[in-house]
Each structure stands twice: as C-alpha cells, then as structure tokens.
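**Q** Supplied in structure tokens, the structure appears directly below.
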Amino acid sequence: MSRTRVVIVGAGFAGYRAARILNRTARRHVEVVLLNPTDYFLYLPLLPQVAAGILEPRRVSVSLTGTLPHAKLVLGEAQRVDLSSRTVHFTDPEDRPGELSYDMLILSVGSVNRLLPIPGVAEHAHGFRGLPEALYLRDHVVRQLELAAHASDPAERQARATFVVVGAGYTGTEVAAQGAMFADAVVRGEQAGERVSPRWLLLDIADRVLPELDERLSRTADRVLRKRGVDVRTGMSVKEATRDGVLLQDGEFVPTRSLVWCVGVRPDPLVDDLGLDTERGRLVVDSFLNVPGHPEVFAAGDAAAVPDLTRPGEFTPMTAQHAWRQGKTAARNVSARLGLAAEPRPYEHHDLGFAVDLGGVQGAANPLGASLSGPLAGAVTRGYHLMAMPGNRVRVGADWLLEAALPRQAVQLGMVRSGSVPLDTASPELARVPRTDRPGD
Ligand SMILES: Cc1cc2nc3c(=O)[nH]c(=O)nc-3n(C[C@H](O)[C@H](O)[C@H](O)COP(=O)(O)OP(=O)(O)OC[C@H]3O[C@@H](n4cnc5c(N)ncnc54)[C@H](O)[C@@H]3O)c2cc1C
C-alpha cells in the first residue's frame, strides 16, 4: 500500500512533536520523513546548564532514531523549498545536494541568532543557540579563568575574568545566573596562580531583566542575580565590540575577552526565501497552522506567525511551550486533511506560565499565574523540565543529584573552537568548518 509522504523540516520542539504524533496515530497511512541537521532533538531550555558544567551535553540531546522508530531521518539542512514541484532541496552533512519530494509539508525550522548592526559584534561575540555554543562557552570560561590566574598583568587578569552577557531575556538571564556560579566554582577549585575575582555583567536595553515576562519574575531574577554579584545594567546596550573589550552606550569601556550575545532570535532565513507572506520574518499561517493558498503546507513553532486566539490581533510568542503544542496541532490537522482524523482544529493555548532556572536552588516561576521564587521555584522549574523532556529524564536527574553532592568538573576539553561557532551562523550545528580562531582564544 502506498503511503502519503509527510516531510517535516526541522526536528525541534514543533517538528519532533509532530513526527511523534504522526508516528503514533497515522503510520499505516503516512510515511514520516524528518529532515534535520542533527540526529537528535535538542532540549534548548537546559542548554545554560550544559554551559555551566551541570549537565553533560548528551543529556539534553534526545536521539531521533531511538525515539521515533517509524520515522525516516534524513540528515541535512533544507536550502530551498520548491512549492510548485513539492520538493525540498537540501544539503547533507558532507555538503552533498539532495532532494525530497512530499505530499504534505510541515515547516518547523525554528529561529536563528538575531544580529544587530553594531560594529564588531559579528566578529567578537558568540551566540547561545546550540550545543556547540554551550560547549564553547563552558570551555571558554574555564580557559579565561585559568589564564587569568597566571597572568602577570593585573589589567589582563581582570579582563579575562570579566564576562559580558547582552540580552536579559530568559536565555541571557539564565546564562549569567548559571555562569556566575560556575565561574565561582572554577575559581574555588584552582590550586595555583593568583586569586581571581570573576565579574559578570548582564546588559539589556529594556528597563528590567526578563522584559517579556511577568514583572514579578523580573524582580525575583534581578534580586538573585545581584545577590550573586552579577552587575545588572538595564537601559544599556553595546556601542562597539573589539578584541579587547566592549564599549557601552554610556561611553564606559569594559575590558573583556568574553561577549555572549543573547539579544533574541529571528526566524530561520529559509522562510524568507519561500516568497510567501511573512510577519516579522515568520511564515504567516491561519489558526489551523496552514499556509494560505497551500493546503499541503503547514508551519509551526518559532518559524510560524500563528494567530494567538487567546489574545486577538497578536501572534503566539516564540517559546517551547507554544512550539511543542503547535507540533501536535500541525500533526492532527495534517491527519485531518488526509481524512485520517476528524475535523481540523484551530490552535488555541493559554499560557501556563514560565519557569526560569537561576542555578543552585534558585528559580523564578509563575505556574498558572502563581508567583514563586527561591528554592520552591527552583524545584518547580526542574520538575517542569523533567516532565517536559521527551527522553533522558533519569540521566538528567542523576546529573542534578551529582551536582548537589560533588564539586563541578572544571576542565576545558577544547573541542569547540571560537571559529566553529560564529555568531552569524544560521544553524550552529552545521558550522563544522572552523574559521580562523579568534586571537586570544
Ligand atoms: C538557550 C535557550 C533557552 C531557552 N529556554 C526556553 C525556556 O526556558 N522556555 C521556553 O518556552 N522557551 C525557551 N527557549 C525558546 C525555545 O527553545 C524555542 O521557542 C523553541 O525551541 C522553538 O521550537 P521550534 O520547534 O520552532 O524550533 P527549534 O526547537 O529551534 O527547532 C528547529 C529545528 O530545525 C532545525 N533546522 C533549522 N534550520 C533547518 C533547515 N534549513 N533544514 C532542516 N532543519 C533545520 C534545527 O536544527 C532544529 O533542530 C529557549 C531558547 C534558547 C536558545
């Protein structure tokens, strides 16, 4: 019996969920083909814990073939979608071109780092979107602190021990909160050299940290960050980045070798090239996640501008919570279009709140509108992640127990070099060819 081929481009929150549901509910009638650059689903919300040496990288990577036994995985990155011939053109990990024809298509390619036209940022900053960047940052922090301990010049010592994070959304806030704890742990473990005092700065142009979330979460996060010694500067941005430091908007020059760029994301450029309607770079879909004029094309997650039926006139925010649920709706509506499910359903989801892990036992969360802080929020946040992860739960739990009982391992393996994780890479997993490494690394 010939099966209808559904190609899913991108196996993140939305694509992975869609594949899982189609696999479970429609595999007799549907051939699910998943095109993704890597053979794993990446649980992005725990990436700051990888950078902070709490979780091993494999803990946040869930095997696609291991958990989707009936889907066909094609390793590669879509370069172009030809809507008229219903073909996805891609390149595989060895840069060979390939083609996939489809009957139905789900586009779930997520988002990429957002660059701002600030001199020097593209050359001297690193983003935080994938495993290579998290591993790079972990090694880089250790390396800078080790070099600082043995630097004879006090100015160089302080510059190497200074870390600047730009963007105080949930990514930047968690990176700074976890990073400050990690740096302190590294310094505590150093036996030789000068005593180093790590300094972390967190900048945002907005007037509070976590500007897109509930104000009570902002207040909690701000308090924890400052208590931990993070220099939080709101209403502040970067004017220029150089090899030796960062020039702030108010004219202050902060000597540093570390600039982490977390100013947000924009949808994957693949969407722009489709020649379809977009809304701030996201592909316009109707409330059934269907692309108008193309009954065979659906989109979900960060890459799609999905009308938010709970807030008329707005689009759903770019969060894992929405992407995961939209994956389910996309799968269901594809099935409905193929006559395998009843009526298609519109996507409607009331936000369940947000949870921010601030490291140690600290967190900030507002599940179902209840504002939590301190160890309770920390426990709720970790409990939420354990429930939300589609695999590796025992391993993640085991790493957390080890973290509570043992000192962190602060060694730099040096496997990801600066040039392998340039800020302007659309898809960091594919950035395997190193550019010239940054001097000073
Ligand atoms: C560090 C970090 C922490 C976060 N923390 C939270 C959090 O705590 N809570 C929360 O709600 N949200 C969080 N987010 C945001 C959340 O992760 C995203 O909103 C969510 O991942 C979007 O899901 P998606 O399926 O649209 O895209 P993604 O999960 O990003 O998946 C996209 C997939 O498409 C693949 N892909 C990209 N381009 C191509 C191509 N051309 N061809 C084939 N495949 C391609 C990618 O490799 C990836 O596998 C965080 C994001 C980051 C970066």
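**Q** Suppose we keep only residues that are small (Gly, Ala, Ser), out of contact with any strand residue (DSSP E or B) (no Cβ under 7 Å at 6 or more places or on another chain) and on the phi < 0 side of the Ramachandran plot within segment 13-54. Which one would you say is nearest to the ligand (Cβ to nearest atom)?
**A** It comes out as 14.
**Q** Which residue is modelled with the lowest pLDDT, if the candidates are limited to segment 370-397 and must be assigned to a loop (DSSP other than H, G, I, E, B) and not polar (S, T, N, Q)?
**A** If we filter segment 370-397 for residues that are assigned to a loop (DSSP other than H, G, I, E, B), which is where we start, we get 370-371, 389-392.
With the extra rule that they be not polar (S, T, N, Q), the set shrinks to 370, 389-391.
Details: 370: 84, 389: 95, 390: 94, 391: 93.
Looking at the filtered set, the residue picked out is 370.
**Q** Quick one: what pairs do we get from segment 379-390, first residue more than 14 Å from residue 361 (Cα to Cα), second in a loop (DSSP other than H, G, I, E, B) and aliphatic (A, V, I, L, M), C-beta under 9 Å, 6+ apart or different chains?
**A** none
**Q** Could you please let me know if residue 161 is away from the ligand (no atom under 16 Å from the Cβ), farther than 26 Å from residue 272 by Cβ and surrounded by fewer than 23 Cβ atoms within 10 Å (Cβ to Cβ)?
**A** Working: away from the ligand (no atom under 16 Å from the Cβ): yes; farther than 26 Å from residue 272 by Cβ: yes; surrounded by fewer than 23 Cβ atoms within 10 Å (Cβ to Cβ): no.
Against the criterion (away from the ligand (no atom under 16 Å from the Cβ), farther than 26 Å from residue 272 by Cβ and surrounded by fewer than 23 Cβ atoms within 10 Å (Cβ to Cβ)), residue 161 does not qualify.
**Q** With respect to residue 296, is the statement that it is away from the ligand (no atom under 16 Å from the Cβ) and at pLDDT 95 or above true? Walk me through it before giving the result.
**A** Numbers: away from the ligand (no atom under 16 Å from the Cβ): yes; at pLDDT 95 or above: yes.
Spelling it out, residue 296 is indeed away from the ligand (no atom under 16 Å from the Cβ) and at pLDDT 95 or above.
**Q** Residue check: is residue 111 closer than 20 Å to residue 301 by Cα, surrounded by fewer than 23 Cβ atoms within 10 Å (Cβ to Cβ) and modelled with pLDDT under 95?
**A** The answer is yes for residue 111.
The rows are residues; the columns are (1) free of Cβ contacts under 8 Å to residues at least 24 places away in the same chain; (2) in a loop (DSSP other than H, G, I, E, B); (3) under 23 Å from the mean Cα position of the chain (by Cα).
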residue	(1), (2), (3)
168	no, yes, yes
175	no, no, yes
183	no, no, yes
194	no, yes, no
206	no, yes, yes
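**Q** Counting only residues that are in contact with a Lys or Arg (Cβ under 8 Å, 6 or more places away or on another chain) and closer than 25 Å to residue 272 by Cα, which one in segment 327-355 is nearest to the ligand (Cβ to nearest atom)?
**A** Here the answer is 327.
**Q** Sticking with this one: From the list 355, 342, 364, 303, which residue is surrounded by fewer than 15 Cβ atoms within 10 Å (Cβ to Cβ) and in contact with a helix residue (DSSP H, G or I) (Cβ under 9 Å, 6 or more places away or on another chain)?
**A** 342
The values are calculated or read from the model by the stated rules, or taken from the named source; none is laboratory data. All figures in this text were calculated on a predicted structure; none of them were measured in a lab. Positions of Cβ are backbone-derived with ideal geometry, glycine not excepted, and every protein chain shown enters the neighbour counts.
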